[in-house]
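Shown next, in structure tokens, is the structure this report addresses.
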Amino acid sequence: MRFLGNIEAKIDTKGRVFLPVAFRKVLSSSNEERIIMRKDVFQQCLVLYPESVWNEQLERLRSRLNRWNKAHQQIFRQFVSDVEIMVLDGNGRFLIPKRYLKMANIEQAVKFIGMDDTIEIWRKEDEEKPFLEAEEFGKALEEVMGQDDSLLSTF
């Protein structure tokens, strides 16, 4: 399951927003009916997890935590306590509860960003916030990916 792209949308007066068609198609082709929403751990945005992806992440987290360790229990509790389980309506919309809009400082316009197996929802006015400057991005990508050894032998 891969969500790719960067799509703008507007929230209606009731707090509903259409999930972009491209993302709905990915969910549909994967037979996903429910999505899980939570505030991102690091950024001021919301994250949508298809239910199967959420369950995998939850199992992965749980497997690294000891139920008999107080700090671990607090981490797990905080991660799972503030989530919403949602189903898209017949028109492909879902409701973003007011507390989530407040958490992400979202007013009316949003930007959906496909992040492989999840979808981020950012406040439209913060459209530069989730990205590095072009030069910084190039350097970071070079550092992460390194050089291809086959290219070195041709020089």
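Couple of notes before you dig in:
- The numbered conditions (1) in contact with a Pro (Cβ under 9 Å, 6 or more places away or on another chain); (2) open to solvent by less than 40 Å² (accessible area, probe 1.4 Å) are all true for D117 except (2).
- Qualifying residues in the stretch 102-130 (those that are more than 16 Å from V47 (Cα to Cα) and in a loop (DSSP other than H, G, I, E, B)) - the one nearest to the chain's Cα centre (by Cα): E128
- Filter pass, K14 being out of contact with any helix residue (DSSP H, G or I) (no Cβ under 6 Å at 6 or more places or on another chain), assigned to a loop (DSSP other than H, G, I, E, B) and surrounded by fewer than 17 Cβ atoms within 10 Å (Cβ to Cβ): yes
- Residue check for K25: touching a helix residue (DSSP H, G or I) at 6+ places or on another chain (Cβ under 6 Å), of a type in the set (D, E, K, R) and outside any loop (DSSP other than H, G, I, E, B): no
- For the residues Q57, Q73, Q43, the requirement of being free of Cβ contacts under 8 Å to residues at least 24 places away in the same chain, out of contact with any helix residue (DSSP H, G or I) (no Cβ under 8 Å at 6 or more places or on another chain) and under 18 Å from I119 (Cα atoms) singles out Q57.
- The strands (runs of 3 or more DSSP E) found wholly in the stretch 28-101 include none carrying at least 1 residues that are open to solvent by less than 70 Å² (accessible area, probe 1.4 Å), touching a Gly at 6+ places or on another chain (Cβ under 8 Å) and of a type outside the set (K, R).
The values are calculated or read from the model by the stated rules, or taken from the named source; none is laboratory data. Here the structure is a predicted model, which means the values were calculated and not measured. Don't worry about glycine lacking a Cβ; one is built from the backbone with ideal geometry, like all the others, and counts go over all protein chains shown. Accessible surface areas use protein heavy atoms only, side chains included; no ligands, DNA or RNA. Shrake-Rupley method; radii C 1.70, N 1.55, O 1.52, S 1.80 Å.
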